[in-house]
Amino acid sequence: MPTRSARTAWNGGLQDGSGQVELSSSGAGTFDVSFPKRAADDAQGTTSPEELVAAAHSACYAMALSNIATEAGGTVQSLDVSADVTLGPDKEAGGFKLTGIVLKVRGEVDGLDDAAFKKAAEEAKAGCPISKALAAVDITLDAALEG
């Protein structure tokens, strides 16, 4: 399997500095980052490590669930997956940490009832490589079929 890469160029200190994250492998873009905007309610057009983790987790989870639902006999029409990643204080070690992730999925899957879909959704949460990498973070799941 391939290795994917990103890089960040940072200038200045934590509070007065800023940087640019480049998605190097894909060439998909370069995105501004700054700590004050990372810690603010309004990101003002900048991304953050937490948003990038949320993007990675939602994409990985959608792929895993699509596979597991198909293996369970379903035909996936669509999956709408969101991931909300929360940054908060690390009370034990100091500094900050990811304090929680909420995965929300709404699916249109022919051939699976609600119970089978929720079972597949839980299996995808446990088996997704990004979920595994983030095992130290509390990950909750809200899964439901639509239609």
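Here are the numbers:
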{"read-out": "Ala55 vs. criteria surrounded by fewer than 16 Cβ atoms within 10 Å (Cβ to Cβ), assigned by TED's automatic domain parsing to the domain that holds Gly107 and outside any loop (DSSP other than H, G, I, E, B)", "value": "yes"}
{"read-out": "Complete set of residues in the stretch 1-45 that are buried (at least 16 other Cβ atoms within 10 Å of the Cβ) and either acidic (Asp, Glu) or in contact (Cβ under 8 Å) with a residue 24 or more places away in the chain (or both)", "value": "Val21, Glu22, Val33, Arg38"}
{"read-out": "Those residues of the stretch 1-28 which are part of a strand (DSSP E or B) and over 18 Å from Ala55 (Cα atoms), in sequence order", "value": "Ala9, Trp10, Asn11, Ser18, Gly19"}
{"read-out": "Failed criterion for Asn67 (all others in (1) touching a residue at least 60 places away in the same chain (Cβ under 8 Å); (2) over 10 Å from the mean Cα position of the chain (by Cα) hold)", "value": "(1)"}
{"read-out": "Selection count where residues are charged (D, E, K, R) and in a loop (DSSP other than H, G, I, E, B), scope the stretch 29-49", "value": "2"}
{"read-out": "Selected residue (criterion: nearest to Gly127 (Cα to Cα)) from residues of the stretch 25-60 that are under 19 Å from the mean Cα position of the chain (by Cα) and hydroxyl-bearing (Ser, Thr, Tyr)", "value": "Ser58"}
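The values are calculated or read from the model by the stated rules, or taken from the named source; none is laboratory data. Note that this is a predicted model, so its numbers are computed, not measured. When we count neighbours, we look across all protein chains shown, and the Cβ atoms used for this are built from the backbone with ideal geometry, even at glycine.
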